[in-house]
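Engineer: Take a look at this one; I'll ask things after.
The values are calculated or read from the model by the stated rules, or taken from the named source; none is laboratory data. Remember, it's a predicted structure, so these values are computed and weren't measured experimentally. Cβ coordinates were reconstructed from backbone atoms using ideal geometry, including for glycine residues, and neighbour counts include every protein chain displayed.
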Amino acid sequence: MSSKKYNMWLQYQPILNTTCKKHYQKMLTTLYVNGNAPTIQSAEQELTDAIFTMLGQRITSKSDMDHATIVIGNIEEISSLLSNDHIARLAEMNEEGYLVIENQGKIIISGNSDAAVLYGVHHLLRNMQLEQDLISLAVFEQPKNQFRMLNQWDNLNGSVERGYSGKSIFYQNGKIVKDKTRIKDYARYLSSVGINAISINNVNVWEEESYFITKKYLPEIREIADIFRAYGITLYLSINFASPMTIDGMSTADPLNQSVQNWWKDKIAEIYHYIPDFGGFIVKADSENRPGPFTYNRDHADGANMLAKAFEPYGGKVIWRCFVYNHLQDWRDRTTDRARAAYDHFKPLDGKFHENVILQIKNGPMDFQVREGVSPLIGAMPNTNQMIEFQVAQEYTGQQIDLCYLLPQWKQILQFDTYIKGAGTTIAEIVAGTIHTYKYSGIAAVSNIGGDDENWTGNTLAQANLYGYGRLIWNPDLSAEEIAQEWIVQTFGNKKEVSNTLGEMLLNSWEIYENYTAPLGVGWMVTPGVHYGPNIDGYEYSKWGGTYHFADRDGVGVDRTKETGTGFTTQYAEPNQNLYNDVSKCPDELLLFFHHVPYKYTLKNSKTIIQHIYDTHFKGFEQVEDLIKKWDSLADLIDEERFKNVQNRLKQQKNNAREWRDQINTYFYRKSGVADKQNRAIY
Ligand code: GCW
């Protein structure tokens, strides 16, 4: 498709810098491809197409390695071109490790698997889009994380749960889409940033989607698996734990029941008949009305292990979600704390799960808020595989209307030191499997794409989150800034002003969003159900899990201390436990997540809570006005279509920020009776 809006970051724009272009044109003329695996074919296609659009020249195929200027192939195929040193370095890397080297004018791309070669090709293409020199290139790369996954929350009727970019690219009106071009494009984008696993249906598995694991849908799901396989991406499905009942009318789904176990054994065998390299299941059980083992007085290990056993002969995995909490908690109940739930449910089960089970844990103990503590469950189960779950979809962070570049947030989470095995036990190391030597581990995230929003992500700038997610989980050492710059140049071309201005917009956007929404880690305060826009008491007296802000005339925040509160702080290892438990030590930005304090309490930044609330909310709104100015200054440097798309979203963001500012300020002014020191308009 020609329009820029369709192509996300794989724009492959003509290289404008003439020296650079000449250099590339001279170097990249002939190609020798070793091997014909689907991923190698994808690599060849991507390389040829990209070079054509960037350089305006067709690369010709050579039948021998010696006369080609680019050679691609896995290590088995082309080791004769590599030095002993290269071979040794590849041998030290994992299966997805690759090299891209330049030697006497020849570019060699190789790796420890076919998928690795595709990653290497994308590395080269990225370098070219960034107009970097290829002479003496010597890149050796491998991903830090084993699982680099995306979860689609797509439903068969074409809707996407928490989708802010139009309808599903997988399903339409109760059917799997016939034209799968967009799925293939999606696979290309994902492979270009190193994603290697995907689940293609909502974790809330409704009636009809329960049949995805039957012959009614498997032939077409196989086609989708084939598409993803060609880009190194393994396919997973979300399942309904009560499938034996829903699909076959059995009277129970008890995981310890022999006929239930046999049912799953047969079912899984059937799936592998269609998809021999099927990844496995993702399971949301006993969570928000989904069925699960609790119905039969069994625990989550019983539930997960039943499936895991059936997967064993095929190498399949069970990804079991830990988002389990009492969503029917009465708001009058002050003893139950939703934040505690995942840890309380799962920690006692450490070591009980089969080795092909991986627990998937949301990054925070609540639910993807703009700011919350890091989930204390991550790393707390040394004998159970774990992966962390992020949300690329901006459910609580502006819904792809408001700009919120999430990389700084994810970086902060990954760098968080749990001290579970002493200093340096960061989340990044835990999920990479280097601390507890998990068999399987990594990172998953809820995707943010859709189909009938032709730019894929609603707000064009939300593409930076998807791009950045992939790049960051491949290499958590990349900075949020580096990633932003890579994305900007590939998406909008190599223009200094765009890079500077947009870079600044992206990097400040998380803080800006936090400034005008719920303050100091308290979270929520959103419109119930839709989760966009302010409603300060929206959840306060609802049945969705109780513990939110507890604002009264004297103060605000949730007491989660061990002495007087819910004791959630005790789930952290020391010294974090003490850091959060002690109000005088607790970092400002999380103060109201851990403590209930008076409005006149002074923060470490020397402001009172109430004044901080007023100041950040006035500031946040002004910062949005500034974002608008910054974007407008790029009008002549960005194509009209994408320019207008963002401009339009920023206008909506301004309305949203205004509403948040005024509702939050007014609410706390009315509760506290304390006036703003600067006497600004509060209603
Ligand atoms: O954040 C909540 C969302 C639900 C979602 C659930 C989950 C898929 O509001 O829409 O359901 O989390 O993660 O399971």
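Engineer: Got a number for residues in region 308-325 being within 16 Å of the ligand (Cβ to nearest atom), surrounded by 23 or more Cβ atoms within 10 Å (Cβ to Cβ) and among the aliphatic types (A, V, I, L, M)?
Structural biologist: Going through region 308-325 one residue at a time, the tally reaches 1.
Engineer: Next question, about the same structure. For region 276-285, enumerate the residues that are under 19 Å from residue 353 (Cα atoms) and either at pLDDT below 95 or away from the ligand (no atom under 16 Å from the Cβ) (or both).
Structural biologist: Here is the first cut: in region 276-285, the ones under 19 Å from residue 353 (Cα atoms) are 279-285.
Selection gives 279, 280.
Engineer: Specify the residue that is nearest to residue 361 (Cα to Cα); the eligible residues are those in region 286-307 that are within 16 Å of the ligand (Cβ to nearest atom) and out of contact with any Gly (no Cβ under 9 Å at 6 or more places or on another chain).
Structural biologist: Result: 287.
Engineer: Considering only residues that are in a helix (DSSP H, G or I) and surrounded by 23 or more Cβ atoms within 10 Å (Cβ to Cβ), which ones fall in region 226-242?
Structural biologist: The first filter runs over region 226-242 and keeps only residues in a helix (DSSP H, G or I), leaving 226-229.
If the condition is that a residue be in a helix (DSSP H, G or I) and surrounded by 23 or more Cβ atoms within 10 Å (Cβ to Cβ), then 228 is the only one that fits.
Engineer: Quick check: anything in region 452-461 crowded, with 23+ Cβ neighbours inside 10 Å, in contact (Cβ under 8 Å) with a residue 24 or more places away in the chain and not in a loop (DSSP other than H, G, I, E, B)?
Structural biologist: Yes, the conditions are met somewhere in region 452-461.
Engineer: Just checking, does region 346-365 include any residue being within 16 Å of the ligand (Cβ to nearest atom), farther than 28 Å from residue 183 by Cα, more than 14 Å from the chain's Cα centre (by Cα) and at pLDDT 95 or above?
Structural biologist: Checked region 346-365: at least one residue is within 16 Å of the ligand (Cβ to nearest atom), farther than 28 Å from residue 183 by Cα, more than 14 Å from the chain's Cα centre (by Cα) and at pLDDT 95 or above.
Engineer: Here's a follow-up. May I ask you to list pairs of residues, at least six apart or on different chains, whose Cβ atoms are under 8 Å apart, with the first in region 149-171 being farther than 21 Å from residue 181 by Cβ and near the ligand (Cβ under 10 Å from one of its atoms) and the second being among the aliphatic types (A, V, I, L, M) and not in a loop (DSSP other than H, G, I, E, B)?
Structural biologist: 151/198; 151/282; 151/444; 151/445; 151/446; 153/160; 153/446; 162/446
Engineer: Scan region 326-383 for residues that are surrounded by fewer than 18 Cβ atoms within 10 Å (Cβ to Cβ) and within 22 Å of residue 395 (Cα to Cα) and report the count.
Structural biologist: Total meeting the criteria: 3.
Engineer: Hand me the list of helices (runs of 4 or more DSSP H) wholly inside region 566-646 holding 3 or more residues that are assigned by TED's automatic domain parsing to the domain that holds residue 680 and among the acidic types (Asp, Glu). Working first, answer last.
Structural biologist: Details: elements: 576-581, 591-594, 609-632.
Hits in region 566-646: 609-632.
Engineer: Look at residue 491 and say whether it is under 24 Å from residue 447 (Cα atoms), among the β-branched types (Val, Ile, Thr) and free of Cβ contacts under 8 Å to residues at least 12 places away in the same chain. Give the steps one after another, and end with the answer.
Structural biologist: On the way: under 24 Å from residue 447 (Cα atoms): yes; among the β-branched types (Val, Ile, Thr): yes; free of Cβ contacts under 8 Å to residues at least 12 places away in the same chain: no.
When the stated conditions are applied, residue 491 does not pass them.
Engineer: Now a separate question. Condition check: within 26 Å of residue 470 (Cα to Cα), within 16 Å of the ligand (Cβ to nearest atom) and either surrounded by 20 or more Cβ atoms within 10 Å (Cβ to Cβ) or among the polar types (S, T, N, Q) (or both). Does residue 193 satisfy that?
Structural biologist: Working: within 26 Å of residue 470 (Cα to Cα): yes; within 16 Å of the ligand (Cβ to nearest atom): no; either surrounded by 20 or more Cβ atoms within 10 Å (Cβ to Cβ) or among the polar types (S, T, N, Q) (or both): yes.
Considered against the rule, which asks whether it is within 26 Å of residue 470 (Cα to Cα), within 16 Å of the ligand (Cβ to nearest atom) and either surrounded by 20 or more Cβ atoms within 10 Å (Cβ to Cβ) or among the polar types (S, T, N, Q) (or both), residue 193 comes out as no.
Engineer: Another question, if that's okay. Being surrounded by fewer than 19 Cβ atoms within 10 Å (Cβ to Cβ) and of a type in the set (D, E, K, R) is the filter; apply it to region 658-681 and report the residue that is nearest to residue 550 (Cα to Cα).
Structural biologist: Among residues in region 658-681 that are surrounded by fewer than 19 Cβ atoms within 10 Å (Cβ to Cβ) and of a type in the set (D, E, K, R), the one nearest to residue 550 (Cα to Cα) is 671.
Engineer: Listed residues 560, 553; which is buried (at least 16 other Cβ atoms within 10 Å of the Cβ) and among the basic types (Lys, Arg)?
Structural biologist: Step by step, each of 560, 553 is checked, and only 560 is buried (at least 16 other Cβ atoms within 10 Å of the Cβ) and among the basic types (Lys, Arg).
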